[in-house]
Amino acid sequence: MTDSAYTVVVAKDLADLVPTFMNNRKKELETLRTALAALDFEQLRQLGHRMKGVGNSYGFSRVSDLGKSIEDGAHSGDRAVLDAAIVDYAEYLARVNVVYE
Amino acid sequence: MSDLAAVQHEIGAQSEFRVLVADDDQDMANFLAHMLRKEGMEADVAAEGGAALERVMASPPDLVMLDVLMPGLSGFEVCRRLKADPSTALIPVVLITALDDSESRVRGIEAGADDFLSKPVSREELLARVKTLRRLHETRRELEQRRLATEIERKETIHKAFSRYISPGLAERIIHDLGAEDGPFQANAQRIEVVALFADLRGFTRITERSEAGNVVEMLNEYFAFLTEATYQRHGTIFNMAGDSLLIGFNVPLPQKDAPARALQCAQEMVLRFAPIGRQWERRFGVATGVGIGICMGEAIIGNIGSPHYMSYTIIGNPVNTAARLMQLAAANEVLVCGEFFQAIRDLVPEQDVRARGDVALRGRSEPTPVFCVAGPGSEV
């Protein structure tokens, strides 16, 4: 992915909410890793479902896309898909750059 | 401020629109609350269904937004409970579901949801839906307040009309019970135990012969003012006012456990209150005057009697007839009562204040009636 793919434009009026949003995503990443290690597909499905709903609402479409992959992967019990999605999510959160407009 | 004025004030007031957002996803709840506050609404947040329900009950908002999947009570269940409770059924509920979750929408409709919002939430869609529901809710609330104002106005009119015949306190209770199946003024006549009190003015016919018509009306009004005041103080019901006589009932239309005591006190008050006026009239017209009272208790028929064009709520039966006969026998400032009534109040009257008149043959009664004369405060038997 290019650097521009990690740039997210967020409405200025959400600036106060975004730090909490990002902190919760990092906590979420740890929970996803733990759930995958335990092969807890139900928790993975719920977490993916939540990511799918909240990401786009804040303007983070990539979070929603990865959430859908995790939800679908958990639903079918596809560990490889889940593994790849969680690695992508970790990379995305490490590199994402928020721009307020 | 009267009830009506309070409602009218409420109609005029523009209160802040309050929204309760319930979502276990903190970021989603914060996002929704933030958007609503930006639009000048007040937004409160609950993290799960049970807490949302408690907050609605404690302080009902104008709109509830519920995520369908929450720990504890789901959004569907909270919605269903809100719609099943008459006190919260009118609050609009928006369920927040996934865009592709048509099954949740069907369940939401079954639970009574007013609208749906899809995740991810678009701010334009959120505000458009909330604004529409706000308009609908405000229109519905205004209509409800106008209906309430009309209802209060109607009750105040009835109250004013009733208060001419019964005590204001009794009128209040009757209006409160209007529509109740066992309320007063039922269409069908009833047989109930009543205390009937008849009062009239001794010597008034002779006074009218010596007075101008205008003076007579003025005097009657003065006399009835004293009698009705005494009646209302004891929560009696005035059934009839004809010439200078008054028929009053106790234990009707609503039960009064102490009806005999109320009737006795009412009679004593009438004698006591009218005495100074009677003395004044005696000096003015040279005619001895005073109130004569008859009281009896027993079973009577209560009902609306008359024709479709003219109807009167009244009591008929033996206690009423006997009270009328006793009133005719009573001298000025005298209270004559039947035996049954005397038994009911004998503990309330000192022995020296009672004089047995023996069994008296009253017109219209086949058996002689035991009659007692009861003194009022300040009078003698």
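Rolling a 1.4 Å probe over the protein chains gives B:H235 an accessible area of about 60 Å². Helix B:259-285 and the longest principal axis of the C-alpha atoms of chain B enclose an angle of approximately 50°.
Per residue of peptide B:118-124, the mean number of Cβ atoms on other chains within 10 Å of the residue Cβ is 5. Between B:E151 and B:L220, the FRET efficiency estimated from the beta carbon spacing at R0 = 30 angstrom works out to 0.20.
Remark: mean inter-chain Cβ contacts per residue of B:21-27 equal 4, using a 10 Å Cβ-Cβ cutoff to other protein chain atoms.
Per-residue shielding of A:12-19, expressed as the average number of other chain Cβ atoms within 10 Å of the residue Cβ, stands at 2. Of the beta bridges in chain B, as assigned by DSSP with both residues counted there, near 65 percent are antiparallel.
Taking all C-alpha pairs of region A:58-97, those more than 17 Å from each other amount to 27 percent.
Beyond a 24 Å Cα-Cα separation, which of these cross-linked pairs lie in this structure: A:K52/B:K131; A:K68/B:K83; A:K27/A:K68; B:K131/B:K155? Over 24 Å apart, Cα to Cα: A:K52/B:K131; A:K68/B:K83; B:K131/B:K155. Normalised by residue count, region B:272-381 yields a Cα convex hull volume of 149 Å³ per residue. Largest mean-square fluctuation among B:N30, B:N251, B:N321, in a Gaussian network model of chain B whose springs join Cα atoms under 10 Å apart, belongs to B:N30. Scanning chain B for cysteines with no neighbouring cysteine C-beta under 4.7 angstrom from their C-beta gives B:C79, B:C266, B:C373. The distance between label points at B:I109 and B:D347 comes to 6.9 nm (points 7 Å beyond Cα on the Cα→Cβ vector). Over region B:56-98, the pair-distance histogram of Cα-Cα distances with 5 Å bins from zero comes to 6, 25, 33, 24, 10, 2 percent, rounded to whole numbers. Of the peptides A:7-13, B:205-211, B:46-52, the ranking by mean beta-carbon count within 10 Å, highest at the top, reads B:46-52, B:205-211, A:7-13. Rounded to two decimals, the Cα-based Rg/Rh of region B:220-324, with Kirkwood Rh, is 1.01.
Direction-averaged projected area, Cα convex hull, chain B: 27.7 nm², rounded to one decimal. Please give the residues from region A:43-68 for which the solvent-accessible area of heavy atoms, probe 1.4 Å, is smaller by at least 10 Å² with all protein chains in place than with the chain isolated. At a threshold of 10 Å² (probe 1.4 Å), the residues of region A:43-68 that become less exposed are A:H49, A:R50, A:K52, A:G53, A:V54, A:N56, A:S57, A:Y58. Normalised by residue count, the protein assembly as shown yields a Cα convex hull volume of 233 Å³ per residue.
Plugging the Kirkwood radius over Cα pairs into Stokes-Einstein for region B:42-151, at a temperature of 20 °C and a viscosity of 1.002 mPa s, what D comes out in µm²/s? Estimated via Stokes-Einstein, D reaches 148 µm²/s.
The values are calculated or read from the model by the stated rules, or taken from the named source; none is laboratory data. Not measured: the values here are computed from a predicted model. All Cβ positions, even for glycine, are placed from backbone atoms using ideal geometry, and neighbour counts span all protein chains on display. Areas reflect the complete protein model, heavy atoms only, side chains present, ligands, DNA and RNA absent. Shrake-Rupley method; radii C 1.70, N 1.55, O 1.52, S 1.80 Å.
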